[in-house]
(Lines give C-alpha, C1' and ligand atoms only; values in the text may rest on other atoms or scores of the structure.)
Protein backbone atom coordinates (compact mmCIF):
# COMPACT_ATOMS: atom_id res chain seq x y z
CA UNK A 1 0.00 0.00 0.00
CA UNK A 2 1.23 3.49 -0.83
CA UNK A 3 2.32 5.83 1.93
CA UNK A 4 1.36 8.72 -0.38
CA UNK A 5 -2.03 9.86 -1.59
CA UNK A 6 -2.28 10.63 -5.28
CA UNK A 7 -2.69 14.31 -4.42
CA UNK A 8 0.59 14.24 -2.47
CA UNK A 9 2.34 12.40 -5.27
CA UNK A 10 1.18 14.95 -7.84
CA UNK A 11 2.38 17.79 -5.63
CA UNK A 12 5.84 16.25 -5.38
CA UNK A 13 5.96 15.68 -9.13
CA UNK A 14 4.93 19.29 -9.75
CA UNK A 15 7.76 20.47 -7.50
CA UNK A 16 10.22 18.23 -9.36
CA UNK A 17 9.22 18.79 -12.98
CA UNK A 18 7.42 22.14 -12.93
CA UNK A 19 4.32 22.74 -15.05
CA UNK A 20 3.86 19.94 -17.62
CA UNK A 21 3.47 20.54 -21.34
CA UNK A 22 -0.14 20.20 -22.48
CA UNK A 23 -1.19 18.61 -25.79
CA UNK A 24 -1.12 21.08 -28.68
CA UNK A 25 -4.91 21.40 -28.96
CA UNK A 26 -8.14 20.86 -27.06
CA UNK A 27 -10.14 20.16 -30.23
CA UNK A 28 -11.48 16.59 -30.16
CA UNK A 29 -10.53 15.73 -33.73
CA UNK A 30 -7.05 17.20 -33.23
CA UNK A 31 -6.71 14.92 -30.21
CA UNK A 32 -7.74 11.90 -32.31
CA UNK A 33 -4.97 12.86 -34.73
CA UNK A 34 -2.56 13.32 -31.80
CA UNK A 35 -3.13 9.63 -30.96
CA UNK A 36 -2.14 8.57 -34.49
CA UNK A 37 0.28 11.14 -35.84
CA UNK A 38 3.60 9.51 -34.89
CA UNK A 39 3.40 5.94 -33.66
CA UNK A 40 5.86 5.12 -30.86
CA UNK A 41 7.67 8.44 -31.30
CA UNK A 42 9.12 10.19 -28.27
CA UNK A 43 7.21 13.27 -27.04
CA UNK A 44 9.42 15.74 -28.93
CA UNK A 45 9.08 14.00 -32.30
CA UNK A 46 5.36 13.49 -31.76
CA UNK A 47 4.87 17.21 -31.23
CA UNK A 48 7.05 17.96 -34.26
CA UNK A 49 4.86 15.62 -36.33
CA UNK A 50 1.65 17.31 -35.20
CA UNK A 51 3.05 20.77 -35.91
CA UNK A 52 4.16 19.60 -39.37
CA UNK A 53 0.67 18.28 -40.01
CA UNK A 54 -0.83 21.62 -38.97
CA UNK A 55 1.58 23.64 -41.12
CA UNK A 56 1.83 21.49 -44.25
CA UNK A 57 -1.52 19.73 -44.48
CA UNK A 58 -4.01 21.08 -41.94
CA UNK A 59 -5.91 19.19 -39.29
CA UNK A 60 -9.48 19.33 -40.54
CA UNK A 61 -10.92 16.06 -41.88
CA UNK A 62 -11.38 17.52 -45.37
CA UNK A 63 -7.80 18.82 -45.52
CA UNK A 64 -6.44 15.39 -44.60
CA UNK A 65 -8.63 13.60 -47.14
CA UNK A 66 -7.47 15.94 -49.89
CA UNK A 67 -3.77 15.83 -48.99
CA UNK A 68 -1.34 13.85 -51.17
CA UNK A 69 -0.31 10.62 -49.49
CA UNK A 70 3.38 11.61 -49.62
CA UNK A 71 2.64 14.68 -47.50
CA UNK A 72 0.94 12.56 -44.85
CA UNK A 73 3.78 10.06 -44.88
CA UNK A 74 6.33 12.82 -44.27
CA UNK A 75 4.41 13.62 -41.11
CA UNK A 76 3.81 10.10 -39.84
CA UNK A 77 7.41 9.07 -40.58
CA UNK A 78 8.37 10.95 -37.42
CA UNK A 79 7.26 7.68 -35.81
CA UNK A 80 7.53 4.10 -37.00
CA UNK A 81 5.28 2.49 -39.64
CA UNK A 82 4.88 5.84 -41.41
CA UNK A 83 2.98 4.48 -44.42
CA UNK A 84 0.53 2.57 -42.23
CA UNK A 85 -0.17 5.56 -40.01
CA UNK A 86 -0.57 7.93 -42.96
CA UNK A 87 -3.46 5.67 -43.94
CA UNK A 88 -4.76 5.79 -40.36
CA UNK A 89 -4.89 9.58 -40.54
CA UNK A 90 -7.01 9.24 -43.70
CA UNK A 91 -9.24 6.71 -41.95
CA UNK A 92 -9.71 9.09 -39.03
CA UNK A 93 -10.73 11.82 -41.45
CA UNK A 94 -13.09 9.51 -43.34
CA UNK A 95 -14.85 8.43 -40.13
CA UNK A 96 -15.15 12.04 -38.97
CA UNK A 97 -16.79 13.06 -42.24
CA UNK A 98 -19.02 10.03 -42.78
CA UNK A 99 -20.10 9.39 -39.20
CA UNK A 100 -19.96 12.84 -37.60
CA UNK A 101 -20.35 15.28 -40.50
CA UNK A 102 -16.76 16.44 -39.98
CA UNK A 103 -17.31 17.78 -36.46
CA UNK A 104 -16.92 15.98 -33.13
CA UNK A 105 -18.18 18.83 -30.94
CA UNK A 106 -21.67 17.39 -30.60
CA UNK A 107 -20.61 13.86 -29.74
CA UNK A 108 -18.26 14.86 -26.94
CA UNK A 109 -21.23 16.52 -25.23
CA UNK A 110 -23.14 13.23 -25.16
CA UNK A 111 -23.28 11.14 -21.96
CA UNK A 112 -19.94 9.58 -21.10
CA UNK A 113 -20.68 6.06 -22.35
CA UNK A 114 -22.03 7.37 -25.67
CA UNK A 115 -19.11 9.76 -26.19
CA UNK A 116 -16.54 7.07 -25.41
CA UNK A 117 -18.15 4.60 -27.82
CA UNK A 118 -18.11 7.19 -30.59
CA UNK A 119 -14.46 8.09 -30.03
CA UNK A 120 -13.48 4.43 -29.95
CA UNK A 121 -14.64 4.12 -33.56
CA UNK A 122 -11.40 5.89 -34.58
CA UNK A 123 -8.14 4.01 -35.21
CA UNK A 124 -5.79 3.92 -32.25
CA UNK A 125 -8.44 4.99 -29.73
CA UNK A 126 -9.39 2.43 -27.10
CA UNK A 127 -11.18 3.17 -23.86
CA UNK A 128 -8.13 4.89 -22.26
CA UNK A 129 -7.63 7.00 -25.37
CA UNK A 130 -11.29 7.98 -25.51
CA UNK A 131 -11.22 9.01 -21.86
CA UNK A 132 -8.01 10.98 -22.46
CA UNK A 133 -9.60 12.87 -25.36
CA UNK A 134 -12.63 13.76 -23.24
CA UNK A 135 -10.29 14.87 -20.44
CA UNK A 136 -8.24 17.18 -22.62
CA UNK A 137 -11.37 18.56 -24.31
CA UNK A 138 -12.39 19.69 -20.80
CA UNK A 139 -15.51 17.54 -21.05
CA UNK A 140 -14.83 14.94 -18.34
CA UNK A 141 -12.77 14.91 -15.13
CA UNK A 142 -11.07 11.56 -15.73
CA UNK A 143 -7.48 10.64 -14.89
CA UNK A 144 -7.15 8.42 -17.99
CA UNK A 145 -3.51 7.41 -17.31
CA UNK A 146 -1.44 6.18 -20.23
CA UNK A 147 0.78 3.10 -19.75
CA UNK A 148 3.58 5.21 -18.24
CA UNK A 149 1.28 6.88 -15.73
CA UNK A 150 -0.44 3.62 -14.88
CA UNK A 151 2.92 2.02 -14.16
CA UNK A 152 3.66 4.80 -11.65
CA UNK A 153 0.31 4.27 -9.93
CA UNK A 154 0.90 0.51 -9.69
CA UNK A 155 4.38 0.95 -8.27
CA UNK A 156 3.16 3.48 -5.73
CA UNK A 157 0.52 1.00 -4.65
CA UNK A 158 -2.32 3.30 -5.70
CA UNK A 159 -3.60 0.96 -8.43
CA UNK A 160 -4.01 -2.80 -8.28
CA UNK A 161 -2.06 -4.77 -10.84
CA UNK A 162 -3.90 -7.52 -12.68
CA UNK A 163 -2.95 -9.79 -15.54
CA UNK A 164 -5.61 -7.88 -17.49
CA UNK A 165 -4.46 -4.40 -18.49
CA UNK A 166 -8.11 -3.29 -18.61
CA UNK A 167 -8.64 -4.29 -14.97
CA UNK A 168 -5.41 -2.57 -13.90
CA UNK A 169 -6.52 0.55 -15.75
CA UNK A 170 -9.96 0.42 -14.13
CA UNK A 171 -8.40 0.28 -10.66
CA UNK A 172 -6.76 3.67 -11.28
CA UNK A 173 -10.22 5.26 -11.20
CA UNK A 174 -10.31 4.71 -7.44
CA UNK A 175 -7.02 6.54 -6.95
CA UNK A 176 -8.29 9.45 -9.05
CA UNK A 177 -11.18 10.03 -6.65
CA UNK A 178 -8.78 11.67 -4.20
CA UNK A 179 -8.10 14.51 -6.67
CA UNK A 180 -10.38 17.50 -7.28
CA UNK A 181 -13.02 16.51 -9.83
CA UNK A 182 -12.02 19.23 -12.27
CA UNK A 183 -10.58 18.62 -15.74
CA UNK A 184 -7.56 20.89 -15.22
CA UNK A 185 -6.52 19.12 -12.01
CA UNK A 186 -6.86 15.69 -13.66
CA UNK A 187 -5.04 16.89 -16.78
CA UNK A 188 -2.07 18.03 -14.71
CA UNK A 189 -2.00 14.75 -12.79
CA UNK A 190 -2.20 12.74 -16.04
CA UNK A 191 0.68 14.65 -17.62
CA UNK A 192 2.94 14.58 -14.56
CA UNK A 193 2.42 10.84 -14.04
CA UNK A 194 3.14 10.27 -17.73
CA UNK A 195 6.31 12.37 -17.60
CA UNK A 196 7.51 10.61 -14.46
CA UNK A 197 6.97 7.22 -16.08
CA UNK A 198 8.93 8.33 -19.15
CA UNK A 199 11.90 9.72 -17.21
CA UNK A 200 12.55 8.24 -13.75
CA UNK A 201 9.94 5.51 -13.22
CA UNK A 202 10.80 3.74 -16.46
CA UNK A 203 9.60 0.26 -17.36
CA UNK A 204 13.13 -1.11 -17.14
CA UNK A 205 15.92 0.27 -14.96
CA UNK A 206 13.78 2.71 -12.93
CA UNK A 207 15.85 5.36 -11.16
CA UNK A 208 14.41 4.92 -7.66
CA UNK A 209 17.43 6.65 -6.05
CA UNK A 210 16.55 9.92 -7.80
CA UNK A 211 12.76 9.60 -7.46
CA UNK A 212 10.87 12.25 -5.45
CA UNK A 213 8.22 9.64 -4.61
CA UNK A 214 10.57 6.90 -3.39
CA UNK A 215 10.00 7.41 0.34
CA UNK A 216 6.30 6.75 -0.08
CA UNK A 217 6.48 4.22 -2.91
CA UNK A 218 5.69 0.55 -2.28
CA UNK A 219 7.85 -0.52 -5.23
CA UNK A 220 10.92 1.46 -4.13
CA UNK A 221 10.52 0.10 -0.60
CA UNK A 222 10.39 -3.47 -1.87
CA UNK A 223 6.70 -3.96 -1.28
CA UNK A 224 5.61 -4.63 -4.85
CA UNK A 225 6.70 -7.75 -6.71
CA UNK A 226 4.17 -8.45 -9.47
CA UNK A 227 3.99 -11.99 -10.81
CA UNK A 228 3.21 -10.81 -14.30
CA UNK A 229 3.08 -7.22 -15.51
CA UNK A 230 0.36 -5.84 -17.76
CA UNK A 231 1.47 -3.89 -20.81
CA UNK A 232 3.30 -0.76 -19.80
CA UNK A 233 4.35 -2.00 -16.35
CA UNK A 234 7.09 -4.32 -15.22
CA UNK A 235 8.38 -6.28 -12.33
CA UNK A 236 11.38 -4.77 -10.64
CA UNK A 237 14.66 -5.71 -12.28
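Here are the numbers for the structure shown:
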{"read-out": "One residue from 196, 184 being within 17 Å of residue 134 (Cβ to Cβ) and not assigned by TED's automatic domain parsing to the domain that holds residue 127", "value": "184"}
{"read-out": "Unique match (being without any contact (Cβ under 8 Å) to a residue 12 or more places away in the chain, out of contact with any strand residue (DSSP E or B) (no Cβ under 9 Å at 6 or more places or on another chain) and part of a loop (DSSP other than H, G, I, E, B)) among 160, 203", "value": "160"}
{"read-out": "Residue match in the range 80-99 (condition: under 12 Å from residue 28 (Cα atoms), assigned by TED's automatic domain parsing to the domain that holds residue 37 and not in a helix (DSSP H, G or I))", "value": "no"}
{"read-out": "Subset of the range 41-66 [under 18 Å from residue 27 (Cβ atoms) and either outside any helix (DSSP H, G or I) or not assigned by TED's automatic domain parsing to the domain that holds residue 121 (or both)]", "value": "57, 58, 59, 60"}
{"read-out": "The range 134-171, residues that are surrounded by fewer than 22 Cβ atoms within 10 Å (Cβ to Cβ) and under 20 Å from residue 213 (Cβ atoms)", "value": "146, 147, 148, 157, 160, 171"}
{"read-out": "Candidate set from the range 66-80 (those that are surrounded by fewer than 14 Cβ atoms within 10 Å (Cβ to Cβ) and in contact (Cβ under 8 Å) with a residue 12 or more places away in the chain); member that is farthest from the chain's Cα centre (by Cα)", "value": "69"}
{"read-out": "Residue that is surrounded by the most Cβ atoms within 10 Å (Cβ to Cβ), among those in the range 111-123 that are in contact with a helix residue (DSSP H, G or I) (Cβ under 7 Å, 6 or more places away or on another chain) and assigned to a loop (DSSP other than H, G, I, E, B)", "value": "122"}
{"read-out": "Among residues of the range 124-151, those that are farther than 17 Å from residue 105 by Cβ and assigned to a helix (DSSP H, G or I), counted", "value": "10"}
{"read-out": "Hits in the range 176-187 - residues which are surrounded by fewer than 22 Cβ atoms within 10 Å (Cβ to Cβ), assigned to a helix (DSSP H, G or I) and in contact (Cβ under 8 Å) with a residue 60 or more places away in the chain", "value": "176"}
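The values are calculated or read from the model by the stated rules, or taken from the named source; none is laboratory data. Since we're looking at a predicted model, the values are computed, not measured. Don't worry about glycine lacking a Cβ; one is built from the backbone with ideal geometry, like all the others, and counts go over all protein chains shown.
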